[in-house]
Ligand SMILES: [Zn+2]
């Protein structure tokens, strides 16, 4: 153990309470400090024996948190990077928190959310026993290029010993590291499935073997579904964990595996989160948990409420939905969810990339990959565009065919919340990114207060 490593470890550990006192909890600072003092800190720090990695474009933070909930419900102490700090500095922060003063791991098991682009830096040092992959979609173009590019990074870097837990309904992430051992989870055909794509994003159209057109037997959204090649014998994989009979009244799903059919609790009725439940079930079954036992464990698994939250005042409901900026898929999923909700609604867009807008800006082409056309609906009464990106959103909504009189345009977010047209029984859907929680909180309070003051 080198002196340099011990100095890095102790100073980084010391910085944790200091950051807590100064209100900077949950940052990557301790890890980046440790790496600055000792460049091979990440390699040297003790690691739990069993590492479960979680990656993918969307849902990795949610899945990592659900896995941690499940381990805790099973009575296990696991190390988790719960706050989504998922690059090498964030993982170092997490590992040093879980290490003794001599740098040895205090935990047997860790659940680590791993950023898909950090694979190059992370995998030479960390060999997960299991790697869970949620999906691969088009993400921020400036950071992630294209899903095939990300699949290539994972392909080239995931260690050969790692067993993969993959989404069998996603033909992009489902085909990474083909020589690794793998188990597939998926959800059987649903009544709401379609065959032709309804979305703008559709990134798996041709057979990866022969290049002929893929035919979708059913399609849930985007490229998620079951497909086969029109020319060769390529087809979607068989599921090892097959979800079916989703009951949104009872909040349950049946998942069939080699030992039979078991019922599990789902904590949210959106299809995206039901996939997350399937991933957690697949991993725990792989770890040897019995179906009945896991059924009980899954009752304690929750979706963090920063991602989905409903508050009411009088007849007014304010639904906050995480719709990560720069990520057209996340916005399109949220849009689809809102479209399928009953009653009249309003949409309040707070996805202006607030954290980045002062330093750099994403190419706005991602707005043109979002399914805003779905908001051109008679039940959508008003769309509120606000914040520094309001002019871009305004133009995008006009391109989506939304009548100009339905768009409320106000640059100041709080003023927008105070002035848009609020009527009795309205449901206001706030779409927000992960960098605007204070702003979202203020706007939500303003709307709920209006409901009270105006007697709605
Ligand atoms: Zn083919």
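Once C-alpha pairs closer than 8 Å and six or more residues apart are averaged by separation and normalised to the residue number of the stretch 308-453, the relative contact order reads 37 percent. Relative contact order, whole percent, for the chain stands at 12, derived from Cα pairs under 8 Å and 6 or more residues apart. Please say if the stretch 397-450 is rounded, prolate or oblate, where rounded means a/c under 1.5 for a ≥ b ≥ c the square roots of the C-alpha gyration tensor eigenvalues, and otherwise the choice is prolate for a/b larger than b/c and oblate otherwise? Oblate shape, in that a/c is at least 1.5 and b/c is the bigger or equal ratio. Of the Cα atoms belonging to the stretch 363-410, the radius of gyration and Dmax stand at 10.2, 31 Å. Between residue 300 and residue 217, the modelled labels are 3.8 nm apart [label points 7 Å from Cα along Cα→Cβ]. Here the translational diffusion coefficient of the stretch 308-453 follows from Stokes-Einstein with Rh set to the Kirkwood radius across Cα pairs; for 10 °C and 1.306 mPa s it amounts to 106 µm²/s. For the chain, the equivalent ellipsoid built from the Cα gyration tensor has semi-axes of 35, 29, 22 Å, listed from largest to smallest. Sorted on the mean count of surrounding Cβ atoms within 10 Å across their residues, most packed first, peptides 342-352, 57-67, 433-443 read 57-67, 342-352, 433-443.
Computed over the alpha carbons of the stretch 127-245, Rg followed by Dmax gives 14.3, 40 Å. Size descriptors for the stretch 3-183: radius of gyration and Dmax over Cα atoms are 16.2, 49 Å. Rounded, prolate or oblate: which one fits the stretch 310-357, using the alpha carbon gyration tensor with axes a ≥ b ≥ c (rounded when a/c is under 1.5, else prolate when a/b beats b/c, else oblate)? Because a/c hits 1.5 or more and a/b fails to exceed b/c, the stretch 310-357 counts as oblate. Taking a ≥ b ≥ c as the square roots of the eigenvalues of the alpha carbon gyration tensor, the stretch 40-135 is oblate, as a/c is not under 1.5 and a/b does not beat b/c.
In the stretch 123-204, Cα pairs under 8 Å separated by at least six residues give a relative contact order of 30 percent. Principal axis extents of the C-alpha atoms in the stretch 142-207 (largest first, rounded to whole Å): 38, 31, 21.
Here, each number is a calculation from the coordinates, and none is a lab measurement. The model shown is predicted, which means the values in this text are computed figures rather than measured ones. Positions of Cβ are backbone-derived with ideal geometry, glycine not excepted, and every protein chain shown enters the neighbour counts.
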